[in-house]
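Notes follow once the structure below has been shown.
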Amino acid sequence: MLKEHTDVVVIGAGAAGLMCAIAAGERGRSVRVLDHANKVGKKILMSGGGRCNFTNLHTAPENFLSANPHFCKSALSRYTQWDFIALVEKHRIAYHEKTLGQLFCDGSSKQIVAMLLAECERVGAQVQTHTPVTIEQLGPPHRLSTPAGTITCDSLVIATGGYSIPRMGATGFGFDFARDQGLKVLPTRAALVPFVFEGRKLEQIDGLAGISLDCLAEAGAGQFREGTLFTHRGLSGPAMLQVSSYWQPGEPVRIDLLPELDLNETLRRLRAERPRAQLKTVLAEHLPRRLVERWCELWLGNPRLAELGDAAIADIVRRCQPWTVWPADTEGYRTAEVTIGGVDTDELSSKTMEAFKLPGVFFIGEVVDVTGHLGGHNFQWAWASGRAAGQFV
Ligand code: FDA
(Lines give C-alpha, C1' and ligand atoms only; values in the text may rest on other atoms or scores of the structure.)
Protein backbone atom coordinates (compact mmCIF):
# COMPACT_ATOMS: atom_id res chain seq x y z
CA MET A 1 0.00 0.00 0.00
CA LEU A 2 1.15 3.50 -0.89
CA LYS A 3 2.49 5.65 1.96
CA GLU A 4 3.81 8.99 0.89
CA HIS A 5 4.22 12.61 1.85
CA THR A 6 3.52 15.52 -0.45
CA ASP A 7 3.55 19.25 0.25
CA VAL A 8 0.00 19.84 -0.94
CA VAL A 9 -3.10 17.72 -1.48
CA VAL A 10 -6.00 19.31 -3.32
CA ILE A 11 -9.31 17.45 -3.06
CA GLY A 12 -11.36 18.16 -6.18
CA ALA A 13 -9.99 18.38 -9.73
CA GLY A 14 -12.42 21.06 -10.88
CA ALA A 15 -11.74 24.63 -11.93
CA ALA A 16 -10.53 25.91 -8.56
CA GLY A 17 -8.55 22.81 -7.58
CA LEU A 18 -6.61 22.61 -10.84
CA MET A 19 -5.77 26.31 -10.78
CA CYS A 20 -4.57 26.03 -7.19
CA ALA A 21 -2.38 23.05 -8.12
CA ILE A 22 -0.80 25.02 -10.98
CA ALA A 23 -0.01 28.02 -8.76
CA ALA A 24 1.44 25.83 -5.99
CA GLY A 25 3.46 23.77 -8.49
CA GLU A 26 4.91 26.95 -9.96
CA ARG A 27 6.30 27.73 -6.53
CA GLY A 28 8.06 24.38 -6.47
CA ARG A 29 5.62 22.67 -4.11
CA SER A 30 4.89 18.99 -4.68
CA VAL A 31 1.14 18.68 -5.37
CA ARG A 32 -1.39 15.86 -5.69
CA VAL A 33 -4.91 16.58 -6.90
CA LEU A 34 -7.38 13.83 -5.97
CA ASP A 35 -10.89 13.48 -7.36
CA HIS A 36 -13.43 10.72 -6.89
CA ALA A 37 -14.97 11.22 -10.34
CA ASN A 38 -13.95 9.33 -13.45
CA LYS A 39 -12.95 12.52 -15.28
CA VAL A 40 -11.27 15.81 -14.50
CA GLY A 41 -13.22 19.08 -14.72
CA LYS A 42 -16.63 17.65 -15.58
CA LYS A 43 -18.41 20.95 -14.99
CA ILE A 44 -15.93 22.77 -17.19
CA LEU A 45 -16.68 20.24 -19.92
CA MET A 46 -20.44 20.72 -19.71
CA SER A 47 -20.32 24.48 -19.19
CA GLY A 48 -21.42 27.09 -21.68
CA GLY A 49 -23.21 24.50 -23.80
CA GLY A 50 -19.88 22.69 -24.36
CA ARG A 51 -17.95 25.89 -25.13
CA CYS A 52 -17.17 27.02 -21.56
CA ASN A 53 -17.94 30.60 -20.71
CA PHE A 54 -14.56 30.75 -18.96
CA THR A 55 -14.58 34.37 -17.75
CA ASN A 56 -16.22 37.73 -18.24
CA LEU A 57 -14.59 40.94 -19.44
CA HIS A 58 -16.51 42.89 -16.80
CA THR A 59 -16.02 40.68 -13.72
CA ALA A 60 -16.03 42.86 -10.61
CA PRO A 61 -16.91 42.28 -6.95
CA GLU A 62 -20.44 43.58 -7.71
CA ASN A 63 -21.06 40.39 -9.71
CA PHE A 64 -20.96 38.21 -6.60
CA LEU A 65 -23.34 37.35 -3.78
CA SER A 66 -21.87 36.63 -0.37
CA ALA A 67 -22.73 37.38 3.25
CA ASN A 68 -19.53 39.47 3.13
CA PRO A 69 -19.46 41.22 -0.27
CA HIS A 70 -15.91 42.48 0.39
CA PHE A 71 -14.37 39.02 0.81
CA CYS A 72 -13.95 38.25 -2.90
CA LYS A 73 -12.18 41.54 -3.69
CA SER A 74 -8.67 40.49 -2.69
CA ALA A 75 -8.48 37.29 -4.74
CA LEU A 76 -10.28 38.82 -7.74
CA SER A 77 -7.86 41.74 -7.83
CA ARG A 78 -4.77 39.50 -7.66
CA TYR A 79 -5.87 37.16 -10.45
CA THR A 80 -8.11 38.99 -12.88
CA GLN A 81 -10.02 38.01 -16.01
CA TRP A 82 -7.08 39.48 -17.98
CA ASP A 83 -4.70 37.01 -16.31
CA PHE A 84 -6.92 34.10 -17.29
CA ILE A 85 -7.35 35.46 -20.82
CA ALA A 86 -3.53 35.66 -21.09
CA LEU A 87 -3.33 31.99 -20.11
CA VAL A 88 -5.95 31.05 -22.72
CA GLU A 89 -4.03 33.02 -25.35
CA LYS A 90 -0.72 31.42 -24.32
CA HIS A 91 -2.35 28.08 -25.16
CA ARG A 92 -3.64 29.48 -28.46
CA ILE A 93 -7.26 28.74 -27.64
CA ALA A 94 -9.50 30.77 -29.92
CA TYR A 95 -12.37 32.53 -28.15
CA HIS A 96 -15.05 35.12 -28.70
CA GLU A 97 -17.30 37.46 -26.74
CA LYS A 98 -20.86 36.24 -27.02
CA THR A 99 -22.74 38.94 -25.16
CA LEU A 100 -22.33 41.16 -22.10
CA GLY A 101 -18.58 40.45 -21.82
CA GLN A 102 -19.03 36.66 -21.71
CA LEU A 103 -16.03 34.87 -23.24
CA PHE A 104 -16.50 31.41 -24.80
CA CYS A 105 -14.13 29.04 -26.60
CA ASP A 106 -14.67 29.03 -30.36
CA GLY A 107 -14.06 25.30 -30.25
CA SER A 108 -14.79 23.27 -27.14
CA SER A 109 -14.63 23.29 -23.34
CA LYS A 110 -12.25 20.38 -23.68
CA GLN A 111 -9.58 22.90 -24.64
CA ILE A 112 -9.83 24.57 -21.21
CA VAL A 113 -9.48 21.23 -19.40
CA ALA A 114 -6.57 20.27 -21.67
CA MET A 115 -4.94 23.62 -20.94
CA LEU A 116 -5.26 23.18 -17.17
CA LEU A 117 -3.88 19.63 -17.35
CA ALA A 118 -0.97 20.77 -19.54
CA GLU A 119 -0.18 23.46 -16.96
CA CYS A 120 -0.36 20.88 -14.15
CA GLU A 121 2.06 18.70 -16.06
CA ARG A 122 4.40 21.64 -16.70
CA VAL A 123 4.69 22.33 -12.97
CA GLY A 124 4.75 18.66 -11.96
CA ALA A 125 1.37 18.58 -10.19
CA GLN A 126 -0.12 15.07 -10.30
CA VAL A 127 -3.82 14.71 -10.98
CA GLN A 128 -5.61 11.49 -10.06
CA THR A 129 -9.24 10.54 -10.78
CA HIS A 130 -11.26 7.58 -9.36
CA THR A 131 -9.87 8.47 -5.93
CA PRO A 132 -12.28 8.92 -3.04
CA VAL A 133 -10.54 10.46 -0.05
CA THR A 134 -11.08 10.22 3.69
CA ILE A 135 -9.49 12.84 5.90
CA GLU A 136 -8.22 10.79 8.84
CA GLN A 137 -6.38 13.37 10.86
CA LEU A 138 -5.73 17.07 10.64
CA GLY A 139 -2.23 18.37 11.36
CA PRO A 140 -0.18 19.62 9.77
CA PRO A 141 0.88 17.16 8.67
CA HIS A 142 -2.63 16.07 7.62
CA ARG A 143 -3.27 12.38 7.05
CA LEU A 144 -5.59 11.18 4.29
CA SER A 145 -6.54 7.74 3.17
CA THR A 146 -7.38 6.67 -0.37
CA PRO A 147 -8.03 3.19 -1.80
CA ALA A 148 -4.36 3.14 -2.87
CA GLY A 149 -2.99 3.95 0.58
CA THR A 150 -2.16 6.81 2.93
CA ILE A 151 -0.94 10.27 2.00
CA THR A 152 0.28 12.92 4.39
CA CYS A 153 0.58 16.58 3.45
CA ASP A 154 1.41 19.97 4.92
CA SER A 155 -1.39 21.82 3.17
CA LEU A 156 -4.83 20.47 2.43
CA VAL A 157 -7.06 22.29 -0.06
CA ILE A 158 -10.78 21.62 -0.20
CA ALA A 159 -11.98 22.33 -3.74
CA THR A 160 -14.96 20.00 -3.92
CA GLY A 161 -17.48 22.55 -5.22
CA GLY A 162 -21.19 22.60 -4.35
CA TYR A 163 -24.24 20.35 -4.65
CA SER A 164 -25.25 21.29 -8.20
CA ILE A 165 -25.64 18.43 -10.70
CA PRO A 166 -25.10 15.43 -8.40
CA ARG A 167 -24.96 13.07 -11.40
CA MET A 168 -21.70 14.85 -12.38
CA GLY A 169 -20.03 13.90 -9.09
CA ALA A 170 -21.09 16.86 -6.99
CA THR A 171 -21.20 16.14 -3.26
CA GLY A 172 -21.54 18.05 -0.03
CA PHE A 173 -18.09 16.83 1.02
CA GLY A 174 -16.61 20.30 1.60
CA PHE A 175 -19.65 21.57 3.50
CA ASP A 176 -19.81 18.45 5.71
CA PHE A 177 -16.09 18.52 6.44
CA ALA A 178 -16.18 22.24 7.34
CA ARG A 179 -19.19 21.69 9.61
CA ASP A 180 -17.55 18.66 11.28
CA GLN A 181 -14.52 20.81 12.04
CA GLY A 182 -16.66 23.46 13.71
CA LEU A 183 -16.61 26.01 10.88
CA LYS A 184 -19.80 27.93 10.15
CA VAL A 185 -21.48 26.90 6.91
CA LEU A 186 -24.18 29.29 5.67
CA PRO A 187 -27.44 27.74 4.43
CA THR A 188 -27.13 26.46 0.88
CA ARG A 189 -29.67 26.50 -1.96
CA ALA A 190 -29.73 26.01 -5.71
CA ALA A 191 -29.02 29.14 -7.77
CA LEU A 192 -28.77 30.09 -11.44
CA VAL A 193 -31.66 27.70 -11.90
CA PRO A 194 -35.01 27.73 -13.78
CA PHE A 195 -38.31 28.31 -11.97
CA VAL A 196 -41.13 25.80 -11.90
CA PHE A 197 -44.85 26.58 -11.65
CA GLU A 198 -47.68 24.48 -10.31
CA GLY A 199 -51.49 24.38 -10.56
CA ARG A 200 -53.27 27.32 -12.15
CA LYS A 201 -50.06 29.19 -12.90
CA LEU A 202 -48.74 26.20 -14.86
CA GLU A 203 -52.04 25.93 -16.77
CA GLN A 204 -51.78 29.62 -17.66
CA ILE A 205 -48.48 29.10 -19.47
CA ASP A 206 -49.48 25.79 -21.08
CA GLY A 207 -48.63 25.89 -24.78
CA LEU A 208 -46.23 28.81 -24.44
CA ALA A 209 -43.05 26.69 -24.15
CA GLY A 210 -40.33 27.90 -26.49
CA ILE A 211 -41.37 31.57 -26.46
CA SER A 212 -38.45 33.77 -25.53
CA LEU A 213 -38.37 37.52 -25.07
CA ASP A 214 -36.17 40.24 -23.69
CA CYS A 215 -37.41 41.48 -20.34
CA LEU A 216 -36.50 43.22 -17.13
CA ALA A 217 -36.77 40.74 -14.26
CA GLU A 218 -36.66 41.38 -10.56
CA ALA A 219 -36.61 39.21 -7.43
CA GLY A 220 -35.49 40.43 -4.03
CA ALA A 221 -32.54 42.76 -4.56
CA GLY A 222 -31.70 41.33 -7.97
CA GLN A 223 -32.69 43.08 -11.20
CA PHE A 224 -31.53 41.91 -14.64
CA ARG A 225 -32.32 42.90 -18.22
CA GLU A 226 -31.90 39.69 -20.24
CA GLY A 227 -33.84 36.99 -22.04
CA THR A 228 -36.70 34.96 -20.53
CA LEU A 229 -37.77 31.60 -21.92
CA PHE A 230 -41.12 29.87 -21.31
CA THR A 231 -40.62 26.15 -20.63
CA HIS A 232 -43.02 23.23 -20.14
CA ARG A 233 -42.51 23.55 -16.37
CA GLY A 234 -42.16 27.29 -15.84
CA LEU A 235 -39.65 29.96 -16.78
CA SER A 236 -35.98 29.82 -17.68
CA GLY A 237 -33.51 31.88 -19.72
CA PRO A 238 -30.70 34.08 -18.46
CA ALA A 239 -32.94 36.65 -16.76
CA MET A 240 -34.70 33.95 -14.72
CA LEU A 241 -31.44 32.17 -13.83
CA GLN A 242 -29.96 35.46 -12.65
CA VAL A 243 -32.91 36.43 -10.43
CA SER A 244 -33.15 32.89 -9.03
CA SER A 245 -30.02 33.68 -7.00
CA TYR A 246 -31.95 36.44 -5.24
CA TRP A 247 -35.28 34.61 -4.92
CA GLN A 248 -36.62 33.00 -1.75
CA PRO A 249 -39.53 30.50 -1.73
CA GLY A 250 -42.85 32.26 -1.36
CA GLU A 251 -41.58 35.47 -2.92
CA PRO A 252 -42.74 36.91 -6.25
CA VAL A 253 -40.73 37.44 -9.42
CA ARG A 254 -41.62 40.60 -11.32
CA ILE A 255 -41.15 40.55 -15.07
CA ASP A 256 -41.51 43.64 -17.23
CA LEU A 257 -42.34 42.09 -20.59
CA LEU A 258 -41.97 45.40 -22.42
CA PRO A 259 -38.94 47.08 -20.86
CA GLU A 260 -38.46 49.48 -23.78
CA LEU A 261 -42.06 50.66 -23.91
CA ASP A 262 -44.27 52.92 -21.83
CA LEU A 263 -47.38 50.79 -22.43
CA ASN A 264 -49.74 53.22 -20.71
CA GLU A 265 -48.64 56.11 -22.92
CA THR A 266 -48.61 53.91 -26.04
CA LEU A 267 -52.15 52.58 -25.55
CA ARG A 268 -53.55 56.05 -24.83
CA ARG A 269 -51.84 57.47 -27.91
CA LEU A 270 -52.98 54.61 -30.14
CA ARG A 271 -56.52 54.91 -28.80
CA ALA A 272 -56.58 58.39 -30.35
CA GLU A 273 -54.66 57.47 -33.51
CA ARG A 274 -56.15 54.02 -34.28
CA PRO A 275 -59.39 53.75 -32.29
CA ARG A 276 -60.68 50.80 -34.35
CA ALA A 277 -57.53 48.72 -33.81
CA GLN A 278 -57.99 45.65 -31.63
CA LEU A 279 -55.92 45.22 -28.49
CA LYS A 280 -54.51 41.88 -29.71
CA THR A 281 -53.22 43.47 -32.91
CA VAL A 282 -51.56 46.32 -31.06
CA LEU A 283 -49.92 44.13 -28.41
CA ALA A 284 -48.70 41.65 -31.03
CA GLU A 285 -46.70 44.50 -32.55
CA HIS A 286 -44.54 44.36 -29.41
CA LEU A 287 -44.91 40.86 -27.94
CA PRO A 288 -44.91 37.29 -29.37
CA ARG A 289 -48.36 36.57 -30.85
CA ARG A 290 -48.88 33.28 -28.96
CA LEU A 291 -48.27 35.09 -25.67
CA VAL A 292 -50.62 37.93 -26.59
CA GLU A 293 -53.37 35.48 -27.52
CA ARG A 294 -53.02 33.73 -24.17
CA TRP A 295 -52.94 36.99 -22.22
CA CYS A 296 -56.06 38.23 -24.04
CA GLU A 297 -57.82 34.91 -23.44
CA LEU A 298 -56.95 34.90 -19.73
CA TRP A 299 -57.17 38.51 -18.67
CA LEU A 300 -57.40 41.20 -21.26
CA GLY A 301 -60.11 40.25 -23.75
CA ASN A 302 -59.83 41.76 -27.20
CA PRO A 303 -61.58 45.14 -27.19
CA ARG A 304 -61.09 47.83 -29.80
CA LEU A 305 -58.87 50.57 -28.41
CA ALA A 306 -61.73 53.07 -28.51
CA GLU A 307 -63.60 50.92 -25.99
CA LEU A 308 -60.81 51.21 -23.41
CA GLY A 309 -61.24 53.71 -20.62
CA ASP A 310 -58.20 54.96 -18.70
CA ALA A 311 -58.89 52.46 -15.89
CA ALA A 312 -59.02 49.55 -18.36
CA ILE A 313 -55.70 50.65 -19.86
CA ALA A 314 -54.20 50.88 -16.39
CA ASP A 315 -55.41 47.32 -15.75
CA ILE A 316 -53.79 46.02 -18.95
CA VAL A 317 -50.54 47.76 -18.04
CA ARG A 318 -50.64 46.21 -14.58
CA ARG A 319 -50.69 42.71 -16.17
CA CYS A 320 -47.59 43.32 -18.28
CA GLN A 321 -45.46 45.92 -16.53
CA PRO A 322 -44.63 43.99 -14.49
CA TRP A 323 -46.20 40.57 -14.87
CA THR A 324 -45.91 39.22 -11.32
CA VAL A 325 -45.53 35.47 -10.75
CA TRP A 326 -45.10 33.34 -7.64
CA PRO A 327 -43.00 30.31 -8.67
CA ALA A 328 -43.76 27.11 -6.78
CA ASP A 329 -40.05 26.35 -6.62
CA THR A 330 -36.87 26.11 -8.67
CA GLU A 331 -35.68 23.00 -10.51
CA GLY A 332 -33.20 22.54 -7.63
CA TYR A 333 -29.71 21.09 -7.70
CA ARG A 334 -30.63 18.75 -10.55
CA THR A 335 -30.15 21.57 -13.06
CA ALA A 336 -28.74 24.49 -11.03
CA GLU A 337 -25.45 25.93 -12.24
CA VAL A 338 -24.30 26.77 -8.74
CA THR A 339 -24.90 26.43 -5.02
CA ILE A 340 -25.40 29.62 -3.10
CA GLY A 341 -24.14 29.81 0.49
CA GLY A 342 -21.41 27.54 1.84
CA VAL A 343 -18.37 27.96 4.07
CA ASP A 344 -18.75 31.32 5.82
CA THR A 345 -16.09 33.72 4.60
CA ASP A 346 -15.65 34.93 8.21
CA GLU A 347 -13.88 31.61 8.78
CA LEU A 348 -11.31 32.23 6.02
CA SER A 349 -8.48 34.61 5.22
CA SER A 350 -9.39 36.54 2.06
CA LYS A 351 -5.68 36.71 1.24
CA THR A 352 -4.81 33.02 1.52
CA MET A 353 -8.20 31.22 1.74
CA GLU A 354 -6.84 29.37 4.80
CA ALA A 355 -9.30 28.58 7.61
CA PHE A 356 -8.38 30.61 10.71
CA LYS A 357 -9.27 27.68 12.99
CA LEU A 358 -7.60 24.96 10.89
CA PRO A 359 -3.93 25.70 10.17
CA GLY A 360 -2.87 24.39 6.78
CA VAL A 361 -6.46 23.82 5.54
CA PHE A 362 -7.75 25.96 2.66
CA PHE A 363 -11.19 26.30 1.00
CA ILE A 364 -11.54 27.54 -2.57
CA GLY A 365 -14.11 27.85 -5.35
CA GLU A 366 -17.80 27.15 -5.04
CA VAL A 367 -17.61 25.52 -1.60
CA VAL A 368 -17.04 29.05 -0.21
CA ASP A 369 -19.95 31.44 0.28
CA VAL A 370 -19.15 33.45 -2.84
CA THR A 371 -21.53 33.00 -5.81
CA GLY A 372 -21.23 34.79 -9.10
CA HIS A 373 -23.82 36.05 -11.52
CA LEU A 374 -24.35 34.13 -14.72
CA GLY A 375 -21.83 34.85 -17.47
CA GLY A 376 -18.38 33.48 -16.59
CA HIS A 377 -18.09 35.08 -13.16
CA ASN A 378 -18.24 31.75 -11.30
CA PHE A 379 -15.27 30.39 -13.19
CA GLN A 380 -13.40 33.64 -12.58
CA TRP A 381 -13.98 33.16 -8.85
CA ALA A 382 -12.75 29.56 -9.11
CA TRP A 383 -9.57 30.66 -10.93
CA ALA A 384 -8.95 33.62 -8.61
CA SER A 385 -9.58 31.82 -5.31
CA GLY A 386 -7.57 28.82 -6.51
CA ARG A 387 -4.69 31.06 -7.48
CA ALA A 388 -4.88 32.92 -4.14
CA ALA A 389 -4.56 29.71 -2.11
CA GLY A 390 -1.89 28.39 -4.48
CA GLN A 391 0.40 31.25 -3.42
CA PHE A 392 0.33 30.14 0.21
CA VAL A 393 -0.17 26.36 0.39
P1 FDA B 1 -16.25 22.01 -9.38
O2 FDA B 1 -17.63 21.53 -9.16
O3 FDA B 1 -15.88 22.49 -10.72
O4 FDA B 1 -15.21 20.88 -8.98
C5 FDA B 1 -15.35 20.12 -7.81
C6 FDA B 1 -14.63 18.81 -8.01
O7 FDA B 1 -14.61 18.13 -6.78
C8 FDA B 1 -15.31 17.91 -9.02
O9 FDA B 1 -14.38 17.46 -9.97
C10 FDA B 1 -15.86 16.75 -8.16
O11 FDA B 1 -15.84 15.52 -8.83
C12 FDA B 1 -14.90 16.77 -7.00
N13 FDA B 1 -15.44 16.20 -5.77
C14 FDA B 1 -16.63 16.46 -5.22
N15 FDA B 1 -16.78 15.74 -4.09
C16 FDA B 1 -15.65 15.00 -3.95
C17 FDA B 1 -15.23 14.06 -2.99
N18 FDA B 1 -15.99 13.73 -1.96
N19 FDA B 1 -13.99 13.50 -3.15
C20 FDA B 1 -13.21 13.83 -4.21
N21 FDA B 1 -13.57 14.71 -5.15
C22 FDA B 1 -14.78 15.30 -5.01
N23 FDA B 1 -19.68 28.95 -14.57
C24 FDA B 1 -19.16 29.87 -15.40
O25 FDA B 1 -18.46 30.77 -14.95
N26 FDA B 1 -19.40 29.79 -16.75
C27 FDA B 1 -20.16 28.81 -17.30
O28 FDA B 1 -20.31 28.73 -18.53
C29 FDA B 1 -20.75 27.87 -16.43
N30 FDA B 1 -21.59 26.91 -16.91
C31 FDA B 1 -22.08 25.96 -16.08
C32 FDA B 1 -22.92 24.98 -16.60
C33 FDA B 1 -23.42 23.99 -15.76
C34 FDA B 1 -24.37 22.96 -16.32
C35 FDA B 1 -23.05 23.98 -14.40
C36 FDA B 1 -23.53 22.90 -13.48
C37 FDA B 1 -22.22 24.97 -13.88
C38 FDA B 1 -21.74 25.98 -14.71
N39 FDA B 1 -20.95 27.01 -14.21
C40 FDA B 1 -20.45 27.96 -15.07
C41 FDA B 1 -20.55 27.06 -12.78
C42 FDA B 1 -19.15 26.48 -12.63
O43 FDA B 1 -19.11 25.20 -13.26
C44 FDA B 1 -18.76 26.33 -11.17
O45 FDA B 1 -18.93 27.58 -10.52
C46 FDA B 1 -17.32 25.89 -11.03
O47 FDA B 1 -17.14 24.66 -11.69
C48 FDA B 1 -16.91 25.75 -9.57
O49 FDA B 1 -15.60 25.29 -9.55
P50 FDA B 1 -15.08 24.41 -8.32
O51 FDA B 1 -13.70 23.98 -8.71
O52 FDA B 1 -15.27 25.11 -7.06
O53 FDA B 1 -16.04 23.15 -8.29
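The values are calculated or read from the model by the stated rules, or taken from the named source; none is laboratory data. Quick caveat: nothing in here was measured; it's all calculated off a predicted structure. Cβ placement follows ideal geometry from the backbone for every residue including glycine, while neighbour counts extend to all protein chains displayed. Only protein heavy atoms, including side chains, enter the accessible area calculation; ligands, DNA and RNA are left aside. Shrake-Rupley method; radii C 1.70, N 1.55, O 1.52, S 1.80 Å.
Worth pointing out:
- Computed from the alpha carbon atoms alone, the convex hull of the range 1-115 holds 143 Å³ per residue.
- Rg and Dmax of the chain, Cα atoms only, in Å: 24.6, 87
- Across the range 263-324, the mean sequence separation of Cα contacts (distance under 8 Å, 6 or more residues apart), normalised by length, yields a relative contact order of 49 percent.
- One quarter of the convex hull surface built on the alpha carbon atoms of the range 153-292 amounts to 12.4 nm², the projected area averaged over directions.
- Within the listed set Gly124, Gly101, Gly250, the Gaussian network model of the chain (springs between alpha-carbon atoms below 10 Å) gives the highest mean-square fluctuation for Gly250.
- Relative contact order (percent, whole number), the range 195-258, Cα cutoff 8 Å, 6+ residue spacing: 36
- For q = 0.28 Å⁻¹, Debye-computed log10 I/I(0) when each Cα of the range 334-393 counts as one equal scatterer: -1.18
- Figure note: Leu358, Leu229 ranked by solvent-accessible area, largest first, 1.4 Å probe, ligands and nucleic acids not counted: Leu229, Leu358.
- Label point at Ile85 placed 7 Å out along Cα→Cβ; residues across the range 98-124 whose backbone nitrogen lies under 20 Å: 98-109, 111-113, 115-116
- Across the accessible surface of the chain, with the other protein chains kept in place and a 1.4 Å probe, carbon and sulfur atoms take up 50 percent.
- If you sort His142, His91, His70 by accessible surface, 1.4 Å probe, largest first, the order is His70, His91, His142.
- Amide proton proximity set for Ile211, modelled H, under 5 Å, gap of 5+: Phe230
- Computed lengthening from His58 to Leu45, 0.36 nm per intervening residue step minus Cα-Cα distance: 2.4 nm
- Using C-alpha pairs under 8 Å with a sequence gap of at least 6, the mean separation divided by the residue count of the chain gives a relative contact order of 26 percent.
- Computed over the alpha carbons of the range 252-393, Rg followed by Dmax gives 25.2, 76 Å.
- Cβ-Cβ FRET estimate between Gln126 and Gln248, R0 fixed at 41 Å, reported to 0.05: 0.45
- Neighbours of Asp35, meaning other residues whose beta-carbon lies under 15 angstrom from its beta-carbon, give a summed charge of +3 when Lys and Arg score +1 and Asp and Glu score -1.
- Our note on the geometry: Cα centres of the range 354-382 and the range 121-200, 12 Å apart.
- Per-residue Karplus couplings for the range 196-207, computed as 6.51 cos²θ - 1.76 cosθ + 1.60 with θ equal to phi - 60°, are listed in order as 10, 10, 9, x, 5, 4, 5, 4, 5, 9, 4, x Hz, Gly and Pro entered as x.
- Alpha-carbon centroid distance for the pair the range 1-46 / the range 209-280, whole angstrom: 44
- In a DSSP loop and with at most 15 other Cβ atoms within 10 Å, there are no chymotrypsin sites (Phe, Trp or Tyr not before Pro) in the range 72-138.
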